[in-house]
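Here is the structure we will look at, set down as structure tokens.
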Amino acid sequence: MSYPYQIKSLEEYNSAYKKSVEDPEGFWENIAENFTWRKKWDKVLEWNFKEPKIKWFINGKLNITENCIDRHLKTLGDQPAIIWEPNNPEERTRVVTYSRLHKRVYQFAQVLINNGVKKGDRVCIYMGMVPELAYAVLGCARIGAIHSVIFGGFSAQSIADRLYDAQAEFIVTCDGAYRGGKDIPLKSIIDDALIGNRIVKRVIVYTRTRTPISMLKGRDVWWEDEMEYAESQIEKDNIIRMPATEMDAEDPLFILYTSGSTGKPKGVVHSSAGYMVWTNYTFVNVFQYKPGDVFFCTADVGWITGHSYILYGPLSAGATSVMFEGIPTWPDAGRFWDIVDKYKVNTIYTAPTAIRSLMSYGLEPLKGKDLSSLKVLGTVGEPINEEAWHWYDENIGKGNCPIVDTWWQTETGGILISNLAGITPAKPSWATLPMPGVQPVLVDEKGNEATEPDEDGLLKGNLCIKAPWPAILRTTYGDHDRCRTNYFATYEDLYFTGDGALKNKDGYYRITGRVDDVLNVSGHRIGTAEVENAINMHAGVIESAAVGYPHDIKGQGIYAFVIYSHMHIDEEQTRKDIFQTVSRVIGAIAKPDKIQFVNGLPKTRSGKIMRRILRKIAEGETKNLGDTTTLLDPAVVDDIQKGKL
Ligand code: PRX
């Protein structure tokens, strides 16, 4: 596989960037030529951000799995597509070559067809990190079913909400999943999610943990039986290569739910062609992937990073992608480095929270691990502090590996701002330069472009993007207006990211964090409104307010202020009960780190909670709480401060 569009120097970056802005259609057309199309596009781009309406490669026809698998078969059939590392290092590794991946994907696609799944149907996937998860995702894409992967840490209630929102009729799951020392009973969580659900027709269950599970006649079927049957059909009918379903460039490929500032997660919808071109282009350029390199993205496929940089980006580039079932600290904190050593990993792509967590174990877990295969290091998901950046650089990269700090979002489909490894300069804690095709702009509250640098020469503002790139979200499932109001209505003719940023005189961007009510806890996005809704569901809770505060490892922790109905409670016990409620409603990932019981919340006369004040208190600020004169009852603030945890 060669990548004629791989940028090889700073000059090439500059000229690619210039062309992408001056002639976006010509620029992307040249890149799209490098993929397999059933039919080429009639027009490259049509868009407006008002509705929004965004279409790339109009009337182009393709199937993304032919680009991720079939086109590599001749030359890379025996090359590992996925190297799977089990949770338990004693267990056998699995290496899935491109030929094997091809076979399993069309076999599972046949299973889906046998179970009544059609193009456009929504299939919810709730599995652990096993190769079968990749077969399930790609099997859906092969027949044009829209996959909606749900991270294994979400609760039954969260799944139920997502199933309902997507009107999903099919589920693929596992009996259980191994994560570190824990077994997560996935099927039993699905069973809870399905109580009262009248839409789901079929649940396909892959056996991983052999946890006893209930299997409902007529609804639940075993993956293994279904695959065996599909295999016999394939042999009998001699369907050696089941043709992939032809997809329009703009047909939806998947839905992925993500949190916003409102209580309900949104189903972000990505298209087929634009998403494919973008994940491939960014993968090849940001990481400077070379054929034969081993790429290890430590994310879970339940998040966008796993979709784009374990599966679609690497596979469309014919790369070898490592998929890890476990967690970085089990059986010990040297697990990532064992994996790097074992598979001679060339690029590791992980989250700052993982780096900070591993840093806290010191250098002992690195002893005896050969990391000399590493060429590129990457980070994603949250701002990386300088200390973690330098630790990563010195101890993992041994000062020889460029670090790419990649800024992007579920909605952007792939990386938007990042240095290109070894090609464009890196700067600790700065995501640096936009990818070709990305036109960032910093604006103030009113939408005016920031033009006056501060005394340090930095522009500051809310980060927006002026024009569409191929993988921008197309809609939010079932509610297009929600997409418009969330992303395109804050500022006219701009996509608003929800992040704040700085820009220096070299044009580098530094992302400073969310400016809306969205938290980033261990690289996971959680809306404060969602957490509050969950806390408020606990009997006895009258009202609550959740805010973020700096946390050494997680980046941000959740601090909840709760008004409880009874005066005399066992606080410790009640806290645990509330944790339990939040785990039930959202999942353990949204559990507050701290709960402070309070008598009142700081509110304006119109009844709005002044989160700014609560944020400052949670951050440990004692004096400069800002203007409190507009508060209905300023005394509440002293009260809260006295009880601060
Ligand atoms: O605040 C930004 C932060 O993560 C948010 C997007 O979260 P999510 O959709 O879950 O996607 C995470 C993986 C792409 C952004 O709005 N974020 C992501 N990458 C960075 C970052 N913040 C700073 N630096 C980054 N490199």
Quiz item: Can you give the longest stretch of the chain with no exposed loop site, where a site means GluC sites (Glu not before Pro) in a DSSP loop (not H, G, I, E or B) with at most 10 other C-beta atoms within 10 Å?
Solution: 91-444
Self-check item: Efficiency of FRET from Cβ geometry, ASN624 and HIS566, R₀ 35 Å, rounded to 0.05
Solution: 0.55
Quiz item: Using a simple spin-label model with points 7 Å from Cα along the Cα→Cβ vector, what separation in nm is obtained for ILE199 and TYR164?
Solution: 0.9 nm
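Compute the Cα gyration tensor for the range 520-642, then decide on rounded, prolate or oblate, letting a ≥ b ≥ c be the square roots of its eigenvalues: rounded whenever a/c is under 1.5, prolate when a/b is larger than b/c in the other cases, and oblate in all that remain.
Working: a/c = 1.76, a/b = 1.24, b/c = 1.42.
It is oblate, given that a/c is not under 1.5 and a/b is not larger than b/c.
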Exercise. May I ask you to derive the FRET efficiency for GLN573 and THR604 from their Cβ-Cβ distance with R0 = 35 Å, giving the value to the nearest 0.05?
Key: 0.55
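How much net charge surrounds GLU382 when only other residues with a Cβ under 11 Å from its Cβ are counted (Lys, Arg +1; Asp, Glu -1)?
Working: positive: ARG356, ARG514, ARG525, LYS554; negative: ASP405, ASP499.
With Lys, Arg at +1 and Asp, Glu at -1, the net is +2.
Expressed in nm to one decimal, what extension gain is obtained for the pair LYS446 and LYS182 from 0.36 nm per residue of sequence separation less their Cα-Cα distance?
Details: separation 264, 0.36 × 264 = 95.04 nm, distance 4.85 nm.
Extra length available between LYS446 and LYS182 comes to 90.2 nm.
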Quiz item: Given charges of +1 on the Cβ of Lys and Arg and -1 on the Cβ of Asp and Glu, with all other atoms neutral, how large is the dipole of the chain about its Cα centre, in debye to the nearest 20?
Solution: 840 debye
Quiz prompt | Computed label-point distance, nm, for sites LYS367 and LYS74 using a 7 Å Cα→Cβ extension | solution = 5.3 nm
Self-check item: Phi to ³J(HN,Hα) by Karplus 6.51 cos²θ - 1.76 cosθ + 1.60 over the range 148-155, Hz, x for Gly, Pro
Solution: 9, 7, 10, 4, x, x, 7, 7
Quiz item: Along the charge dipole of the chain, which of ASN67, ALA354, ASN599 sits closest to the positive end, that is, farthest toward it, with unit charges on the beta carbon of Lys, Arg, Asp and Glu (+1, +1, -1, -1)?
Solution: ASN67
Quiz item: Spin-label point model (7 Å from Cα, Cβ direction): what's the GLU29 to ASP332 distance in nm?
Solution: 5.9 nm
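For TRP47 and ALA635 in the same chain, what is the full-extension length gain: residue separation times 0.36 nm, less their Cα-Cα distance, in nm?
Gain on stretching TRP47 to ALA635: 206.5 nm.
Mind checking the range 61-145 for trypsin sites (Lys or Arg not before Pro) that DSSP puts in a loop (not H, G, I, E or B) and that have at most 13 other Cβ atoms within 10 Å?
Numbers: sites: LYS61, ARG71, LYS74, ARG92, ARG94, ARG100, LYS103, ARG104, LYS118, LYS119, ARG122, ARG142; in loops: ARG92, LYS118, LYS119.
Sparse-neighbourhood loop trypsin sites (Lys or Arg not before Pro): ARG92, LYS118, LYS119.
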Quiz item: Any idea how far the Cα center of the range 392-410 sits from the one of the range 473-517, in Å?
Solution: 25 Å
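First select every other residue whose beta carbon is under 10 angstrom from the beta carbon of ILE304; then total the charges, Lys and Arg +1, Asp and Glu -1. Kindly include the intermediate steps, with their values, before the conclusion.
Working: positive: ARG525; negative: GLU411.
So the environment of ILE304 carries a net charge of 0.
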Exercise. Compute the separation of the alpha-carbon centres of the range 17-78 and the range 426-470 and state it in Å as a whole number.
Key: 27 Å
Quiz prompt | Under 5 Å, built H, 5+ apart or other chain: amide partners of CYS174 | solution = GLY128, LYS187, TYR206
Quiz item: Which residue, chosen from PHE35, ILE204, TYR343, occupies the Cα position most advanced towards the positive end of the dipole of the chain, where the dipole is computed from +1 (Lys, Arg) and -1 (Asp, Glu) charges on Cβ about the Cα centre?
Solution: ILE204
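Taking a ≥ b ≥ c as the square roots of the Cα gyration tensor eigenvalues, with a/c under 1.5 meaning rounded and otherwise prolate when a/b beats b/c, else oblate, which class fits the range 66-245? Please report the intermediate quantities before stating the final value.
Values: a/c = 1.79, a/b = 1.27, b/c = 1.41.
It comes out oblate by the Cα gyration axes.
Computed from the coordinates by the stated procedures, all read-outs in this text should not be read as laboratory data. Just so it is clear, the structure is predicted and the values come from calculations on it, not from any experiment. Note that each Cβ is placed from the backbone with ideal geometry, even for glycine, and that neighbours are counted across all protein chains shown.
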